[in-house]
Amino acid sequence: MQPIALPDQDLQQYRDQGYLVLPGLISREVVDRVFTEITAVIERRPAVPDELIQYEPDVRGRPWTENSELDVRKLFRLVKHLDFFRELASSPALLSIARTLLGPKLVLAQSMLLMKPPHVGGPKVWHQDNGYFELDPPACFGFWIACDPTDVDNGCMHIVPGSHLKGLQPHAGAGDDYGLAVLPRPEVIRPVPLQPGDALVFHCELFHHTPANRTGRRRRAIQYHYMSAGAEKKKNPFPWEPEAYFE
């Protein structure tokens, strides 16, 4: 994966609208390797870190032997625990984009594989990622990289273009339901369907959510959050640790 130079119009769109869509950021071969890694993690249970596998709420509490790959909500802290995802996060393609948007000294704040399994994949409420991070300044963005075809029916990302310019808004709720206290109006919402390998690049204060997956199709996506090494975290109820540093 070679370095990527973003054209001026993409940079302007990111500044004005808070997001970019990058078709084919990762190859079909890399997507297939992602699927292999997912299956390998599930097959290693229970000899995996407790935080790595998170199940859908409807199946939490069952013995691990009764749960399958299709019950998994997310794989969490990928870069901390899995070599392949650490290598992908440090690829020239991703780091070149991150340095263009944030500067030379980077921190990988978080990595996840969002599984959204068929039929039981629940929604993610409207939120801003900086509602969890609380970085000052909000020098942070996410890659959301589709591994399956994603659309409105199986839970593609929905965003409010330009909402990052409003700054950090009040959030409320607990756990997975922690989200925006005031929901966006339907007419300002834009769904972002993607094909495997396509990526949504989005500012950490952009309003976004994903609806439930009630189809029989899978909807897996990699999410990496990069932040400037100069951003500082305020105290809040969501502790986290950086997963990697790039200087």
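Every number in this text was worked out from the coordinates using simple rules, so none of it is lab data. What you see is a predicted model, and the numbers here were worked out from it, not measured in a lab. Note that we place each Cβ from the backbone using ideal geometry, even for glycine, and neighbour counts take in every protein chain shown.
Tabulated data for the structure shown
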{"read-out": "Computed E for Lys235/Arg60 - FRET, C-beta separation, R0 22 angstrom, nearest 0.05", "value": "0.20"}
{"read-out": "Taking the chain and dividing mean pair separation by its residue count, relative contact order in percent (alpha carbons under 8 Å, at least six apart)", "value": "31"}
{"read-out": "Filter on Lys80/Lys105; Lys166/Lys233; Lys116/Lys233; Lys105/Lys233; Lys74/Lys233 - keep pairs with C-alpha separation over 21 Å", "value": "Lys116/Lys233; Lys74/Lys233"}
{"read-out": "Rounded to the nearest 20 debye, dipole of segment 25-246 from Cβ charges on Lys, Arg, Asp, Glu", "value": "200"}
{"read-out": "Under the Debye formula (equal points on every Cα, no solvent term), log10 I(q)/I(0) of segment 1-46 at q = 0.13, 0.15, 0.20, 0.29 Å⁻¹", "value": "-0.52, -0.61, -0.76, -1.02"}
{"read-out": "Volume per residue of the C-alpha convex hull in the chain, rounded to whole Å³", "value": "121"}
{"read-out": "Between segment 5-78 and segment 171-247, the alpha-carbon center distance in angstrom", "value": "12"}
{"read-out": "Full-extension gain in nm, Ala93 to Glu43, via 0.36 nm per residue minus C-alpha separation", "value": "15.0 nm"}
